[in-house]
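Notes for the one structure printed next.
Just so you know, all these numbers are worked out from the coordinates, no wet-lab data involved. Just so it is clear, the model here is predicted, and its values are computed rather than measured. Note that each Cβ is placed from the backbone with ideal geometry, even for glycine, and that neighbours are counted across all protein chains shown.
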Amino acid sequence: MRRIIVEDYCPICEESYPPHMFRRCSRCKRSYCLNCIIVDEKGEFLCLNCARRRVTPPFRPGSKYAPLSIYLARRSKYTSKVTLQFSSIEEIIGDVLPPSAYKSKGWWSNVRNRSPSESWLTAGWKVESVNLEKEEVTFVKEELKCKEKGSFNSIFRNRSRKSIRRLVEKRKKKKIQPSRTKLAKALARLQNLKEKRKSTPKYRGLKPKSPYEKRLYKQS
């Protein structure tokens, strides 16, 4: 009888080892060989990738999921539906998703005031479906809806050309009345002009010289 040796593959060093040479990382929950895993201060196993992220975390302004919103915003120009695996999302954000993302669908809910959901909602996307077995998510682009029910655009679509012309003519015929503030300002200006006219003295014949003109004549 031949003995069959089963070997596993390590994703970091890209080499194959027997199963007893592998340990599971406590952070990313993936198995690596003993050469690519270390023991933490608390006695937990950490892979080299997670240990490097802990020592030198990447500098990103804002949320951890900001790269995902940038990615979806770029894809919105070309498609209205995107299906991503959890591993590809981790590559986009440059970090590991929490364990709740792999276990519950509630983590992928379209709820505001949450850093993960805000990343796709702010970009104009929403989660349509989640498959935890296949570890993939489907994002769909949100359609902009008209807030006003009786807007001119909705009327324009539903009615014929003749009815649209009538509506336009009615709107043109409506006289635009000035506001009350403008009327009040105009009346105040008229009153000021009347008061100025009353205050100015009326002279018969020659107008008397001003004191400034008298000084000029004296100097000359």
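Per-residue extension of 0.36 nm, minus the Cα-Cα distance of residue 192 and residue 48, leaves a gain of 43.5 nm for this segment. Protection proxy ranking for 129-139, 12-22, using the average of other Cβ atoms within 10 Å per residue and placing the highest first: 129-139, 12-22. For residue 142, nonlocal amide neighbours, meaning residues 5 or more places apart or on other chains whose placed amide H falls under 5 Å from its own, are 125, 126.
Note on residue 215 and residue 88: their simple-model spin labels are 8.8 nm apart, each label 7 Å out from Cα toward Cβ. Between residue 115 and residue 63, the modelled label-to-label distance comes to 1.0 nm, taking each label 7 Å out from Cα in the direction of the beta carbon. Backbone geometry of segment 116-126 corresponds, through the Karplus equation with coefficients 6.51, -1.76 and 1.60 at θ = phi - 60°, to 3J(HN,Hα) couplings of x, 6, 5, 5, 9, 6, 5, 7, x, 10, 9 Hz, x marking Gly and Pro. The slack between residue 132 and residue 103, meaning 0.36 nm per residue of separation minus the straight C-alpha distance, is 9.7 nm.
For segment 66-141, the spread of Cα coordinates along the three principal axes comes to 31, 25, 23 Å, biggest extent given first.
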